[in-house]
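Only one structure is covered here, and it is reproduced in the block below.
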Amino acid sequence: MIKMTETQASVPTTPKKRSIWLEVFRRMSKNKMAMFGLAIIIILVLTAVFADVIAPYEEVAIKQNLAQRLQGPSAKHWLGTDEFGRDIFARLVHGARVSLKVGIVAVGISILIGGTLGAVAGYYGGKIDNVIMRAMDIFLAIPSILLAIAIVSALGPSLFNLMLAIGISSVPSYARIVRASVLSLRDQEFIEAARAIGASDFRIVTKHIVPNALAPVIVQGTLGVAGAILSTAGLSFIGLGIQPPAPEWGSMLSGGRAYLRYAWHVTTFPGLLIMITILALNLLGDGLRDALDPKLKQ
Amino acid sequence: MSKAETKELLNIKNLTIHYITEDGTVKAVNGIDIQLNRGETLGLVGETGAGKTTTALGILRLVPNPPGKILGGEIFFEGEDLLKKSEVEMRHIRGNKISMIFQDPMTSLNPVLTVGEQIAEVIQIHEGLGKQDAIEKAKKMLEMVGIPGNRHSEYPHQFSGGMKQRVVIAIALACNPQLLIADEPTTALDVTIQAQVLDLMNNLKKEFQTAMILITHDLGVVAEVCDKVAIMYAGEIVETASLEDLFENPKHPYTWGLFGSIPNLEEEVERLNPIKGLMPDPTNLPSGCPFHPRCPKAADVCKKQMPKTTDLGNGHKVRCLIYEGIVKA
Amino acid sequence: MHKYVFRRLLMLIPVLLGVTFIVFSIMYMTPGDPAQMILGEKAPAEAVERLREEMGLNDPFLMQYGRFVKNAMMGKFGRSYTTNREVFAEIFSRFPATLQLASLGVLIAVAIGIPVGIISATKQYSLFDSISMIAALIGVSMPNFWQGLMLILLFSVYLGWLPSGGYGGFANFILPALTLGTSSAAIITRMTRSSMLEVIRQDYIRTARAKGVNEKTVVNKHALKNALIPVITVVGLQFGYLLGGAVLTETVFSWPGVGRLLVDAIKQKDTPMVQATVVFIAVTFSFVNLGVDILYAFVDPRIKSQYK
């Protein structure tokens, strides 16, 4: 058959990291909702970093003042006081530190373990892949909040155990994502080229595959921080999270439960803040996914 | 003579379709004219992105809106302007008087409905048959495109690519349309299957006396099937002629380019002469004649002046300043 | 089809073994001596040691696990440390309450989520779409237990219309079911919408339009059937989560279900009860997933024909 030559040459896609991320940000900056989420997160991070400047920890957030317990919002206590007379605003500010820390570390743990397992499974394939992924399926058969509850209840409630439990309970989703990216990348030509010039497996994975699998992991990670914060609050709510008197949003909320009839603000404000935080992270995560979409589709 | 018996079936005048997006306006179709008589086959030829598919969707008024918008022009079908019809009237035309075959048979069929149901649906809509009768007719249509009728209860994934395209053809021809628009119907198929499907379409078209617009970038296919040809470039029809005229006496430099990139077995040539450069970005078309940046004959005036259509007689029309006597050939 | 179901049931066995192994290992790590727990702080050391021997706590890990699985298969998870009742009987007596709540929750979620998702997708960027998407976003961002408390605050404390907790009449169902239902509805709405938007862009939808099919039929017949396939998974997952993961909501509303049983057991360090509830929930979850997969095969001809 006679065919017209395809005159439309394909544009070479040399991966320029910097420009890709700039491009992603440029695309995301058009998304008002995502930028709104980002703004809230930046405010939260700054609050967490400067928590001590905003309100002294020991005097305001920890020290009990029973004379002032369960006061409604006022000029002195913007969001009122809790059942021990502590300023709720100050505790929320310091709670941001805890929540963000747990969220980020827990997701870090999941990415580290899940990412490694996924990369190994995808890269080597065969039996190794089978064993790892079947194990992940088994983990997925247990609802993640339940797994976290079981781990914390076994190890005992502490900040570290909490982060570990939440981190471990979402390992399978990262393993799956990374494995899928690695599988789609493994047989591409630039990987074969790297192998042909004698690059080691470790080098190929870390230098070539990991950067290319990053996009979906970042999206999942952003949404994962939201999930981790939610789980932390939930576990604290049933007494398995951060132990009092440390300020944590979930346990503050739980503490106010008994006083719901007399002091609505003690449960309302921490919950509201959790919701705003999760909302912001979801908006950012969705925005990132949309901005990275062309790359995800590749 | 009543309207239905006139020779002319389709007459598109000055059709303009743009896609309006955040990143700019894609000028997909820019004032094209197409004329087609009953039973005739027109080859609409051009590179990817020339606006062929948009033209086809425009005729059926199926340009996705937003972002696509038909900005102007007229589409006379059996003497009536389709652009003035209501949505309900258009639905009676789609699949009935005008039907379309899409490029990729793998994705053109609904995966959760049986092929029989999908053929029967169009019959039920337009011929008012009951479900059972429609299924019976669907079976006959399947037989006609060379698929055993008893396979009507199977799902698309149980068929090969070539078979799926036969099913799509059966859907398109089920209501005996006046006009069939085939958008690169063989591009997605294996080379061996391509010829079969093309033959099938050609035979059925003759049997039903259906007019056809065949969209393709394959001049070989055009030579086999078409009566006349329109060459499309950057949303414009740059040359239109009968098949013989176009192949023996092409006028537009772009058409020369298309032929220059076909391997010729008879002449000994060192290398092919493909058209240099790329299709222009449709959001940012060049000034003047859109082909001038790639045209071997381009003069300075081509950058400024938009060529008008020159009628060379015998239905041969071309859009180039050479034939307006402004630029030297 | 039977073959498919049978194969899926077979595949469940290693999953369940794995699940019990994970749960058992986690519980094994629990500090503290169960024998001491049972006998109390002041029990003499010999008595504790005797009980340890009796309970097989001195055996190697794998042996203990083997015994656990063997007993678990016969529904024997031991007796609760605190109430001394058979834990399995206890769980079964609590399960109906959880099942009722989860079913009502999913019903609410589906009744809201699917229609809203479809309308949002077909009227993309309309006011309805914007409002429902914002509501759904808030819904997925709200901690369930907090939403429950806010509902109590509004309907029980201020308006005094509904009871704030407990189990019994229909009125008791409303708030907890709404809490579970609306947050699942948010997830189902988002999924339905995005699935529908994905499907509506497909070539076969264009084919249907080119056939002259009217827009209502395009949506209800051609698009919906395809779009709902992934939604089934999400609904199933939600049902599974509500069956097992409604731990927090059950706590908020003092709902006498399996979730609250677990929380109480954890607080009382009632290891056999914790083990059994976690295994029970995980098994229930796996069965729901299996059910979803089988349902999937009925709806999607591409999967069905693989197992004919």
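The values are calculated or read from the model by the stated rules, or taken from the named source; none is laboratory data. Remember, predicted model here, so these are calculated numbers, not experimental data. So basically every Cβ, Gly included, is an ideal-geometry build from the backbone, and we count neighbours across all protein chains shown. Accessible surface areas use protein heavy atoms only, side chains included; no ligands, DNA or RNA. Shrake-Rupley method; radii C 1.70, N 1.55, O 1.52, S 1.80 Å.
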Radius of gyration and Dmax over the Cα atoms of segment A:128-184, both given in Å: 12.8, 41
Lysines with Cα under 17 Å of B:LYS304, excluding same-chain neighbours fewer than 8 positions away: B:LYS328
Delta accessible area of at least 20 Å² on complex formation, residues of segment C:127-159, 1.4 Å probe, chain isolated as reference: C:LEU137, C:ILE138, C:VAL140, C:SER141, C:PRO143, C:PHE145, C:TRP146, C:LEU149, C:MET150, C:LEU153, C:VAL157, C:TYR158
Kirkwood Rh and Cα Rg combined as Rg over Rh, evaluated for segment C:2-73: 1.18
B:ARG151 accessible area, 1.4 Å probe, all protein chains in place, Å² to nearest 10: 50 Å²
Cα gyration tensor category, rounded, prolate or oblate, for segment B:1-124 with a/c compared to 1.5: oblate
Modelled FRET efficiency - R0 35 Å, A:ILE276 with C:LEU107, Cβ distances, 0.05 increments: 0.70
Long pairs among B:LYS137/B:LYS164; B:LYS84/B:LYS228; B:LYS69/C:LYS123; B:LYS276/B:LYS303, criterion Cα-Cα beyond 20 Å: B:LYS84/B:LYS228
Share of carbon and sulfur in the accessible heavy-atom surface of chain C [1.4 Å probe, %]: 66 percent
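Quantify how much of the Cα-Cα distance distribution of segment C:60-106 extends past 16 Å, in percent. Walk me through the numbers before you get to the answer.
On the way: 602 of 1081 pairs.
Tail of the P(r) past 16 Å holds 56 percent of the pairs.
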Accessible-area ranking of B:MET90, B:MET106, largest first, probe 1.4 Å: B:MET106, B:MET90
Neighbouring partner chain Cβ atoms per residue of B:89-98, average, 10 Å criterion: 3
Estimated distance in nm for a label pair at B:MET106 and C:ARG67, the labels positioned 7 Å out from Cα along Cα-to-Cβ: 5.8 nm
Per-residue [θ]222 nm for chain A (sum of -39500 (n - 2.57) over DSSP H runs n ≥ 4, rounded to 500): -23000 deg cm²/dmol
Peptide C:194-206 - average C-beta neighbours from other chains (10 Å radius): 3
Segment C:77-125: chymotrypsin sites (Phe, Trp or Tyr not before Pro) in DSSP loop, at most 12 other beta carbons within 10 Å: C:TYR125
Proximal aspartates and glutamates to A:LYS101, defined as alpha-carbon separation beneath 15 angstrom and excluding residues fewer than eight positions away on the same chain: A:GLU248
Gain on full stretching of the segment that runs from C:GLU198 to C:ARG302 - 0.36 nm per residue minus C-alpha separation: 35.6 nm
Cα-projected label distance for B:LEU62 with B:ASP300, points at 7 Å along beta-carbon direction, nm: 4.9 nm
Solvent-accessible surface (1.4 angstrom probe) belonging to B:LYS303, in square angstrom, nearest 10: 100 Å²
Distance between segment B:179-245 and segment C:56-120 - C-alpha centres, whole angstrom: 64 Å
Cα centroid of segment B:107-121 to Cα centroid of segment A:75-97, whole Å: 62 Å
Volume in Å³ per residue [convex hull over Cα atoms, computed for chain C]: 164 Å³
Given chain B, longest segment not containing exposed loop GluC sites (Glu not before Pro) (DSSP; at most 14 other Cβ within 10 Å): B:23-265
Value at 222 nm in deg cm²/dmol, rounded to 500, when DSSP H runs of n ≥ 4 in chain C each add -39,500 (n - 2.57): -24500 deg cm²/dmol
Threshold 30 Å² - residues in segment B:106-123 whose accessible area is reduced by that much or more when the chain is no longer isolated, probe 1.4 Å: B:THR107, B:SER108, B:ASN110, B:PRO111, B:VAL112, B:LEU113, B:GLU121
Accessible area of segment A:16-127 divided out per residue, in Å², using a probe of 1.4 angstrom: 55 Å²
Two-site FRET efficiency, B:GLU224 against C:ILE13, from Cβ-Cβ distance with R₀ of 60 Å, rounded to 0.05: 0.50
Within chain B, helix-based [θ] at 222 nm, where runs of 4 or more DSSP H residues each add -39,500 (n - 2.57), nearest 500: -8500 deg cm²/dmol
A versus B: buried accessible surface, summed, Å² (probe 1.4 Å, to nearest 100): 1400 Å²
Rg/Rg_ref, segment A:135-253, where Rg_ref = 2.2 N^0.38 Å and atoms are Cα: 1.37
Entries in B:LYS97/C:LYS221; A:LYS30/A:LYS76; B:LYS97/B:LYS308 that, when Cα-Cα distance is taken, lie over 31 Å: A:LYS30/A:LYS76; B:LYS97/B:LYS308
For residues of C:234-242, the mean tally of beta carbons on other chains within 10 Å: 1
Where C:MET29, B:MET100 fall by accessible area, highest first, once all protein chains stay in place (1.4 Å): C:MET29, B:MET100
Dipole in debye (nearest 20) - chain B, about Cα centre, beta carbon charges: Lys, Arg +1; Asp, Glu -1: 680 debye
Dipole of the protein assembly as shown, positive end: most advanced residue of A:ILE168, B:SER99, A:ALA213 [Cβ charges, Cα centre]: A:ILE168
Alpha carbon convex hull of segment B:178-329, projected area averaged over orientations, nm²: 11.1 nm²
All lysines inside 22 Å of C:LYS269 as judged from Cα atoms, apart from same-chain residues fewer than 8 positions distant: C:LYS42, C:LYS76
Alpha-carbon centroids, segment B:125-157 and segment C:145-170: separation in whole Å: 58 Å
Angle in degrees between helix C:127-141 and the longest Cα principal axis of chain C, rounded to the nearest 10: 10 degrees
Point-to-point label distance, B:LEU278-C:ALA89, nm (Cα→Cβ direction, 7 Å offset): 7.8 nm
Added length on full extension, which subtracts the Cα-Cα distance from 0.36 nm per residue, C:ILE134 to C:LYS42: 27.3 nm
Rounded to 5, percent antiparallel among DSSP beta bridges of the protein assembly as shown: 65 percent
Two-decimal Rg/Rh across chain B, once Rg and the Kirkwood Rh are taken from alpha-carbon atoms: 0.99
Convex hull projection area averaged over all views, chain A, Cα basis, nm²: 21.5 nm²
Of all accessible heavy-atom area on chain A, the percent that carbon and sulfur account for (1.4 Å): 65 percent
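Could you give the alpha-carbon Rg of segment C:92-267 over 2.2 N^0.38 Å, rounded to two decimals?
Cα-based Rg divided by the globular estimate yields 1.19.
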Rounded FRET efficiency, nearest 0.05, which uses the C-beta distance separating A:PHE36 from A:ALA75 and R0 of 30 Å: 0.55
For the protein assembly as shown, the fraction of alpha-carbon pairs in successive 10 Å shells from zero, as %: 2, 10, 16, 19, 17, 14, 10, 7, 4, 1, 0, 0
Listed peptides B:13-19, B:156-162 by packing density, highest first (mean Cβ within 10 Å): B:13-19, B:156-162
